[in-house]
Amino acid sequence: MPIAADLKALPLSIFGVVLAITLGITYWASRRTSDATSFWAATRGISGVQNGFAIAGDYMSASSFLGFAGLMFLFGFDAMVGLMAAIVAFLPVLLYIAERMRNAGKFTAVDVLSYRMRERPTRMVAALGTLAVVSVYLIAQMVGAGVLIEALTGLTFTPSVILVGAFMMIYVIFGGMIATTWVQIIKAGLLMIAGVVLGVWVLAEFGFNVSNLFDAAAQEHSEGSGFFEGGLQFNSKLDLISFGLAFLLGTAGLPHILMRFFTVPNARAARSSVAWAIFLIGSFYIVIMLVGTGARAILGQSSESAVGETGNLALPLLAEELGGGAGTTGGDVFLAVISAVALATILAVVAGLVIAASGAVAHDLWSNVVRRGRDSEREEVYVAKIAAAAMGVLAIGVSIAGGSGFNVSVLVALAFTIASSATLPALLFALFWRRFNTTGAVVGMSVGLLASLVLIAFSAPVWPGPDSEGSPLGSLALDVPAIFSVPIGFLACWLGTLVSREPEAERRYDELNVRAETGYGAEGTEVPAAPPPGEAPRERPREPVAVP
Amino acid sequence: MPITVFWAGCFITYLLLAAFAPELMGERVLGVTLGFVLSLAQILMTWLVTFLYVRRADRVFEPLERRAASVAARRRSAS
């Protein structure tokens, strides 16, 4: 098998520079990473602004940068709706989740759930949910990365995937959350700069007259002004709404995003970090709307086949065109720079995913379920590194085995569907419903997970053809089935709760509530008006709760 | 609570308009399309809600939280 079809030296050398810088960061971070708090929470020393950049870097995957720009190029208005769902989604995170998460948890979102529930069953199911979201999302990113790097540098699919996987493992295993955070911060910075340059350049091409830009874009589309009316990407109105819902509610259930709130010193910093992330992501999405429209106006209808089925190559092609066209020095350089930014984007996201997976395996499953909290921190970190390596190897293997046969958008839809239907309902109920109990959480998360998997298996992209013929759901088979699975998830939590009563969970809810709302006793913070030593339980006592 | 109604209302209205009134989204307003204007409005709405919440949390909620936490701490050391 050939390793490279037609190597392009310039993009590869810029890639090399990006990779070298990230390795330097990892080396620096590795000397600061020793215990569990530094490995998963970067010693809780990340500031609000830094964490805001890191969240933006963690969240805006290649599908935000290249994907949405490509969808804008192909489908126009429908892609704008997707972008808006993805930014408004941070409001529930800001208003209901972020600060409470910081106050009540330690390393993973699951900590918050198990705080008031019977620890072992809750952690087990919740960690499975985390792993499901993370692995599906990870494979989506890696397959996307392989296809992209192949197109941009000439390196073929398999070595591209191995390259991305290897670097992601190096960051996490040696540099932990500190390296991951700084890779994400730098990536967010690069992405913002690239976005602004592209945006201004596109606008300049049209004399900074947005109206001209829109006219030109509509002229270049077969549907004319239909380009701005929507309905081109989705088969039905229900599909569009369901897609919006999945992004809106799924974001607040993404484990790698939630985990970022443990890296800041207190709830105030958690709050300001979301605010910064909202500002950065919102600005970037405005740019993406303009740049995507610009791609349609400048590249035109004739480039539809060149950008690929998903439109992923629209942005790199636009950069090449703006730089002077294919074959010119300017075009080559700009293309290479944008490609390198895309690579940095992918690396930052996959590293965040792998560290979230290592938290689920080592902190939730190994330390608290298998060893029942009796292991040392050293052991926890050691297991985490093994888990990160295993997850990396597995993701590389599956991505190569499945190859470009994986439909990336189905995988992303699946990840968001699970996050919104399995993780989010249990998390919200745990924080806001006193009566909620272990049975409800376990039943809710399992049913939510199962419903997502089944509905995705019946979804339209899996059963192509008019009205999804063959799928048992017929024309109700959607691209993203969140509109069905989210209510199922909430309902299952509720029904599961009703079958049993658990006074312990309700008593602990009061404790959780005080801690989540006020930060009293939160990890790594000063307890206000400190009680005499020995009487302030900083750790939650691990007395075994009676199991029926 | 009112803020929840506000942001959810804005977004759901936008989503429903996008799904059920596509022609309206293509309508030209000030040279650009209404869909683009409404999309920008969603981002501005998100920024506004964020600004209002952060300001209120810094000024009102946090002092309250501190007071509640110190009361809790005193109770615990007393008992």
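The values are calculated or read from the model by the stated rules, or taken from the named source; none is laboratory data. Since this is a predicted model, take the numbers as computed values, not measurements. Glycine gets a Cβ as well: all are built from the backbone with ideal geometry, and neighbour counts include every protein chain shown.
Points worth noting:
- Odd one out for B:VAL32 among (1) out of contact with any Ser or Thr (no Cβ under 7 Å at 6 or more places or on another chain); (2) facing chain A (nearest Cβ under 7 Å); (3) not charged (D, E, K, R): (1)
- Count of residues meeting criterion [in a helix (DSSP H, G or I) and over 25 Å from A:LYS237 (Cβ atoms)] in region B:5-60: 15
- Top-ranked residue of region B:35-47 - restricted to ones that are surrounded by 16 or more Cβ atoms within 10 Å (Cβ to Cβ) and either modelled with pLDDT under 85 or within 27 Å of A:ASP215 (Cβ to Cβ) (or both), ranked as farthest from the other protein chains (Cβ to nearest Cβ): B:LEU38
- Verdict on B:ARG55 being more than 7 Å from chain A (Cβ to nearest Cβ), loosely packed, with under 14 Cβ neighbours inside 10 Å and modelled with pLDDT under 80: no
- Candidates A:LEU191, A:LEU213, A:LEU249, A:LEU203: the one that is touching a helix residue (DSSP H, G or I) at 6+ places or on another chain (Cβ under 9 Å) and surrounded by fewer than 22 Cβ atoms within 10 Å (Cβ to Cβ) is A:LEU203.
- Residue within region B:60-73 that is surrounded by 14 or more Cβ atoms within 10 Å (Cβ to Cβ), at pLDDT below 80 and more than 7 Å from every other protein chain (Cβ to nearest Cβ) present: yes
- Just one of the listed residues (A:PHE227, A:PHE243) is buried (at least 24 other Cβ atoms within 10 Å of the Cβ), in a helix (DSSP H, G or I) and at the interface with another protein chain (Cβ under 9 Å from one of its Cβ atoms), and it is A:PHE227.
- Cβ pairs under 6 Å, 6+ apart, first in region A:301-313 and under 12 Å from A:ALA151 (Cβ atoms), second among the β-branched types (Val, Ile, Thr): A:LEU313/A:VAL307
- The residue that is nearest to the other protein chains (Cβ to nearest Cβ), counting only those in region A:65-105 that are touching a Lys or Arg at 6+ places or on another chain (Cβ under 8 Å) and under 24 Å from A:GLY48 (Cα atoms), is A:LEU94.
- For region A:356-413, the set of residues classified as of a type in the set (Asp, Glu) and assigned to a helix (DSSP H, G or I) consists of A:ASP364, A:GLU377, A:GLU379, A:GLU380, listed by residue number.
- Count - residues of region A:257-268 that are out of contact with any Phe, Trp or Tyr (no Cβ under 8 Å at 6 or more places or on another chain), away from every other protein chain (no Cβ under 11 Å) and crowded, with 22+ Cβ neighbours inside 10 Å: 5
- Criterion: out of contact with any Pro (no Cβ under 6 Å at 6 or more places or on another chain) and modelled with pLDDT of 90 or more - qualifying residue of A:ALA98, A:ALA89, A:ALA104: A:ALA89
- Criterion: more than 14 Å from chain B (Cβ to nearest Cβ), at pLDDT below 75 and more than 17 Å from A:ARG435 (Cα to Cα) - qualifying residue of A:PRO548, A:PRO537, A:PRO531: A:PRO548
- Checklist (1) within 12 Å of chain B (Cβ to nearest Cβ); (2) buried (at least 20 other Cβ atoms within 10 Å of the Cβ); (3) of a type in the set (D, E, K, R) applied to A:GLU220, failing item: (1)
- Flag not set for B:ALA21, criterion: facing chain A (nearest Cβ under 7 Å) and surrounded by 15 or more Cβ atoms within 10 Å (Cβ to Cβ).
- Within the set A:ILE278, A:ILE286, the sole residue that is within 14 Å of another protein chain (Cβ to nearest Cβ), outside any loop (DSSP other than H, G, I, E, B) and in contact with a Ser or Thr (Cβ under 6 Å, 6 or more places away or on another chain) turns out to be A:ILE278.
- The residue that is farthest from the chain's Cα centre (by Cα), counting only those in region A:237-271 that are of a type in the set (S, T, N, Q) and within 22 Å of B:GLN42 (Cβ to Cβ), is A:SER242.
- Members of region A:493-522 that are assigned to a loop (DSSP other than H, G, I, E, B) and buried (at least 19 other Cβ atoms within 10 Å of the Cβ): A:GLU502, A:GLY519, A:TYR520, A:GLY521, A:ALA522
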